[in-house]
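Heads up: the structure comes next, in structure tokens.
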Amino acid sequence: MKNKINRSTIREILPVAGLVFVIVLFAILTEGRIVNPTNLKLLLSQTYMLAIACMGVFFVMSMGCLDFSQGSLMGVTCIVVCYLSNINLFLAIIGGIVAGGLLGAVNGYFHVVRKIPSFIVTNCMMYALRGVVAYLTTKSPVYAVSTISNLNTMPFMLTITLVVLAIGFFFYKFTSLGANLKAIGAGEKAARFAGIKVEKTKFLVYVAAGAITGFAAFINAIKVGSVTSTGGNQLETQILIALVLGGMPISGGAKSRFTNIIVGVLLYKFLTTGLVMLGFTTAMQQLIQGIVFLIVVFLFSDRESIQVIK
Amino acid sequence: MGELLLKAENIDKSFGLTHAVKNVSLEFNKGEIHALIGENGSGKSTFTNMLCGIYTMDGGTFTLDGEEVHPKNQVDANHHGIAIIVQELGTLSGLTVAENIFLGNEDQFIKFGIKNTAAMNKKAQELLNEYGFSRISATAVIDNYNFEDRKLIEIVKATYFHPKIVVVDETTTALNQSGRDELFKHMLRIRDEGSCVIFISHDLGEVLHYSDRISILRDGDFIATINADDVNEDELKRLMVGRELGDRYYRTDYGEKVSDEVVLSLKDVSVPGELDHVNLELHKGEILGIGGLSDCGMHELGKAAFGASYDRTGTVTLGDGTPINDINTAINHSMAYASKDRDNESLVINDTIQDNITLPSMRDMGFLLSGKKMKEFANKYAKMMSVKMVNVDQFVSNLSGGNKQKVVLARWIGKGSDILILDSPTRGIDVMVKADIYDLMDRMRKEGKAVLMISEEIMELLGMSDRIVIMRDGKVSGEFTRSPDLSEESLIDKMV
């Protein structure tokens, strides 16, 4: 266990070290272009939606569950937000959150009540909801009200992202929520015997994750202004890669840290932006991302306490 | 006896900051039962696990029959003639009995790449019959058998190939009397065949009765090897803990009047296949012992009383009439439960000591939690229970059995629970921690708390309970009041 202690310190340090390394590496390779203020601003603007959506999945993964439905869920809720924004902006926000929450409840119902592994349930939801998005955007993309882009300023977007993250952090760190989620991830049966309402918590976390992505859909609508059939495509993979790069154990549990979200999202965005700037093709970028992901999982997997993902 | 079989030299192993086995050198002879004893965390299991290839050692050598051995895993150890029967379940669910027996050694039945299952089943059945377990069918899926029978199957699995060394690691705590007798019979047979049994047990009576020589470990250090004929139980205890134990082990009072106030009552409680219309009342300041054979339903009774049974009928109510139908209500009404299955049901095993202690108490600390306050809380109760640890951030998965149980108890003492359901509270735990736990139960009783102690150890029931209820086939079969004249036999009589 001398090894193990080192390993857990590595787990804490490596993501941050990796972030610094990636920034320095790409700063050299792009001759400083990646760190010039214009680009940093651009890069930051791409992190808002991802960071918020990551938070919901972070809660889910803390419990040792997975959620692959978030990309398609983003697509559907974004359609709701765009559509409603033509009536009223406030209504659009509420609509996105409610729609996301309801879809999350479907995930929760099948996983918690029907006891189907989350991996299967959310994969099915990914395909089903993708179909919904494609159907609703067959004739033309769904456009949001044009004035929505007025909100697309850095102060507004950054503030709102930080506020959402701060709320999440508060609940995770300063209420029993975080400890409960981690306990469920680390040993569900024992958590139940210690009085944690496992089923209720799981269900509500899926609802919350959907609702959070529903809110992220609003942020996405501000930035993009419309939804096509590929709206939110592969977001679930981006979330998973970002969280794992940030040091999140893939089986959740006691070693989950809220900072995994922030470090992971920045690391992921620097990595992808850097690869684009260096002129890699999309195919190459995916290949490199895949390899990096595999290496990180390899380094971090807690093989001694490996367990089946729920 | 006397001819050297296995020589262990300077065996060393650390887990992080814990130096589990310190430069231990030991010798084992042909044709002996060699007991290895020591407190929890003294390094017995770690030592034998290295011999069996479950852990890799940091230093030292094992020389078996003049040849140095470094088993890479259990199957490799088997090929060297070393076998182990472990403390917890060592068989795999979902496989047949025959598949379990020959797990990792199927080669003998494979011809041209095809496994001859019929031959394997036949061989397995022959072995089972030979061992006197003919009621067990080789072709049945192992899940059809209970914990006890699975242990018996493990005995076959570990010894059918006539290994030179058989490690029996704390197996007896999992067995009832007849299972133990079977095990001892085979241990003696193995010895008479000229092999060596390394016998790890906390039951010193058992150790003295069956072993030829006894080696003692303490905190990872080798203390001594002595002939079993030259010592008695007290001397062994002294060697194990390094100091004199007090005379008092169980409580010594008799004839104290227990309050009439009922704090928990079970009426007509049934669980399909487990419990059959059980009625029970637990009083304030009482230790109520529940005994029986391991499959008599008493373990389910603990769960049922805690609102944790699935499919329960009948009523469980507190003294004030509050019905207990789920775990949450139970905990909120000052009930606590320590499971027999410590690693899965009592402890969140891949979590820290702190989280394990604070989990049920967080709801009392208000909506806002302070990290500092929680750490202080965990520290306070971990220290109160004298948990051996580096700090409360340590993961419980690395603790020894006794320390794990202390964490479980620290949790409920921290919560301030008044009704404690303790299922096999001292299972697999050494004498020192046992004494601590008995002491704690006695104090709780005097503070007016109520303890429902479910136990497979008759001495514990006799020594600690104000009242003993014996169960058989899911029903209450007898009840006894605390008395110095109460005998083991009268309890056993109601069990079988």
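The values are calculated or read from the model by the stated rules, or taken from the named source; none is laboratory data. Since the structure is predicted, the reported quantities are computational estimates derived from the model, not experimental observations. Heads up, the Cβs are rebuilt from the backbone with ideal geometry, glycines too, and the neighbour counts pull from every protein chain shown.
Evaluated against (1) in contact with a Phe, Trp or Tyr (Cβ under 7 Å, 6 or more places away or on another chain); (2) not in a helix (DSSP H, G or I), B:Asn391 falls short on exactly one condition, (1). Considering only segment B:68-103, how many residues are modelled with pLDDT of 90 or more and of a type in the set (Asp, Glu)? Total satisfying the criteria: 2. Screening B:Asp393 with (1) surrounded by fewer than 19 Cβ atoms within 10 Å (Cβ to Cβ); (2) modelled with pLDDT of 90 or more; (3) more than 12 Å from chain A (Cβ to nearest Cβ) gives one miss only, at (3). Considering only segment A:111-141, state which residues are more than 29 Å from A:Val205 (Cα to Cα) and either of a type in the set (Lys, Arg) or surrounded by 12 or more Cβ atoms within 10 Å (Cβ to Cβ) (or both). Once the filter is applied, which keeps residues that are more than 29 Å from A:Val205 (Cα to Cα) and either of a type in the set (Lys, Arg) or surrounded by 12 or more Cβ atoms within 10 Å (Cβ to Cβ) (or both), segment A:111-141 yields A:Thr137, A:Lys139, A:Pro141.
Against the numbered list (1) over 28 Å from A:Leu42 (Cα atoms); (2) within 14 Å of chain B (Cβ to nearest Cβ), A:Val113 comes up short only at (2). Of the residues making up segment B:469-496, those that are under 22 Å from B:Ser265 (Cα atoms) and touching a Lys or Arg at 6+ places or on another chain (Cβ under 8 Å) number 8. Within segment B:314-336, is there a residue that is of a type in the set (S, T, N, Q), crowded, with 22+ Cβ neighbours inside 10 Å and within 30 Å of B:Asp276 (Cα to Cα)? No, that holds for no residue.
Looking at (1) buried (at least 19 other Cβ atoms within 10 Å of the Cβ); (2) at the interface with chain A (Cβ under 9 Å from one of its Cβ atoms); (3) within 27 Å of the chain's Cα centre (by Cα), which is the one condition that is false for B:Met362? So B:Met362 meets the others, but not (3).
Of the set (1) surrounded by 13 or more Cβ atoms within 10 Å (Cβ to Cβ); (2) closer than 30 Å to B:Val451 by Cα; (3) not assigned by TED's automatic domain parsing to the domain that holds B:Gly321, all apply to B:Asp219 but (2). Being at pLDDT below 95 and over 22 Å from the mean Cα position of the chain (by Cα) is the requirement here; does B:Asp295 meet it? No, not satisfied.
Of all residues in segment B:396-416, those satisfying the criterion of being within 14 Å of another protein chain (Cβ to nearest Cβ), surrounded by 21 or more Cβ atoms within 10 Å (Cβ to Cβ) and small (Gly, Ala, Ser) are B:Ser400, B:Ala410, B:Gly414.
Sort through B:Gly31, B:Gly60, B:Gly53 and tell me the only one that's crowded, with 16+ Cβ neighbours inside 10 Å, free of Cβ contacts under 8 Å to residues at least 40 places away in the same chain and either within 14 Å of chain A (Cβ to nearest Cβ) or on the phi > 0 side of the Ramachandran plot (or both). Please lay out each step first, then the result.
Numbers: B:Gly31 fails: free of Cβ contacts under 8 Å to residues at least 40 places away in the same chain; B:Gly60 fails: free of Cβ contacts under 8 Å to residues at least 40 places away in the same chain.
Going through B:Gly31, B:Gly60, B:Gly53 in turn, the sole match is B:Gly53.
Scanning segment B:326-380 for residues that are part of a loop (DSSP other than H, G, I, E, B) and either out of contact with any Phe, Trp or Tyr (no Cβ under 7 Å at 6 or more places or on another chain) or in contact (Cβ under 8 Å) with a residue 24 or more places away in the chain (or both) yields a total of 15.
Take the conditions (1) touching a residue at least 40 places away in the same chain (Cβ under 8 Å); (2) assigned by TED's automatic domain parsing to the domain that holds B:Ala304; B:Glu281 misses just one of them, which is (1). No other residue among A:Cys82, A:Cys65 is in contact (Cβ under 8 Å) with a residue 40 or more places away in the chain and either aromatic (Phe, Trp, Tyr) or not in a helix (DSSP H, G or I) (or both) apart from A:Cys65. Being surrounded by fewer than 16 Cβ atoms within 10 Å (Cβ to Cβ) and more than 14 Å from chain A (Cβ to nearest Cβ) is the filter; apply it to segment B:7-28 and report the residue that is nearest to B:Arg189 (Cα to Cα). Checked segment B:7-28; the qualifying residue nearest to B:Arg189 (Cα to Cα) is B:Glu27.
So which of A:Val35, A:Val22, A:Val57 is more than 14 Å from every other protein chain (Cβ to nearest Cβ) and loosely packed, with under 15 Cβ neighbours inside 10 Å?
Values: A:Val22 fails: loosely packed, with under 15 Cβ neighbours inside 10 Å; A:Val57 fails: loosely packed, with under 15 Cβ neighbours inside 10 Å.
The unique qualifying residue is A:Val35.
Matching residues to (1) closer than 17 Å to A:Ala191 by Cα; (2) touching a strand residue (DSSP E or B) at 6+ places or on another chain (Cβ under 6 Å):
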position	(1), (2)
B:Ile349	yes, no
B:Ile353	yes, no
B:Asn391	no, no
B:Asn403	no, no
B:Ile419	no, yes
B:Met432	no, no
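Restricting B:Leu461, B:Leu420, B:Leu409, B:Leu452 to those that are within 15 Å of B:Ile287 (Cα to Cα), assigned to a helix (DSSP H, G or I) and in contact (Cβ under 8 Å) with a residue 60 or more places away in the chain reduces the list to B:Leu461.
Among residues that are more than 14 Å from A:Thr213 (Cα to Cα), at pLDDT 95 or above and assigned to a helix (DSSP H, G or I), A:Leu91 is included. Filtered by the rule that a residue be within 20 Å of the chain's Cα centre (by Cα) and within 7 Å of chain A (Cβ to nearest Cβ), segment B:341-359 gives B:Asn344, B:Glu345, B:Ser346, B:Leu347, B:Val348, B:Ile349, B:Asn350. Among the residues making up segment A:178-226, those that are touching a residue at least 60 places away in the same chain (Cβ under 8 Å), of a type outside the set (Gly, Ala, Ser) and within 14 Å of another protein chain (Cβ to nearest Cβ) are A:Leu181, A:Lys182, A:Ile184, A:Glu188, A:Glu199, A:Thr201. For segment B:329-345, a residue qualifies if it is among the polar types (S, T, N, Q) and over 16 Å from B:Val451 (Cβ atoms), and the qualifying residues are B:Thr329, B:Asn332, B:Asn344.
Rundown of residues vs (1) under 30 Å from B:Val392 (Cβ atoms); (2) of a type in the set (Ser, Thr, Tyr), yes/no style:
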{"position": "B:Tyr310", "(1), (2)": "no, yes"}
{"position": "B:Gly314", "(1), (2)": "no, no"}
{"position": "B:Ser339", "(1), (2)": "yes, yes"}
{"position": "B:Asp351", "(1), (2)": "yes, no"}
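Screening B:Ala138 with (1) surrounded by fewer than 21 Cβ atoms within 10 Å (Cβ to Cβ); (2) farther than 30 Å from B:Lys7 by Cα; (3) touching a residue at least 40 places away in the same chain (Cβ under 8 Å); (4) more than 26 Å from the chain's Cα centre (by Cα) gives one miss only, at (1).
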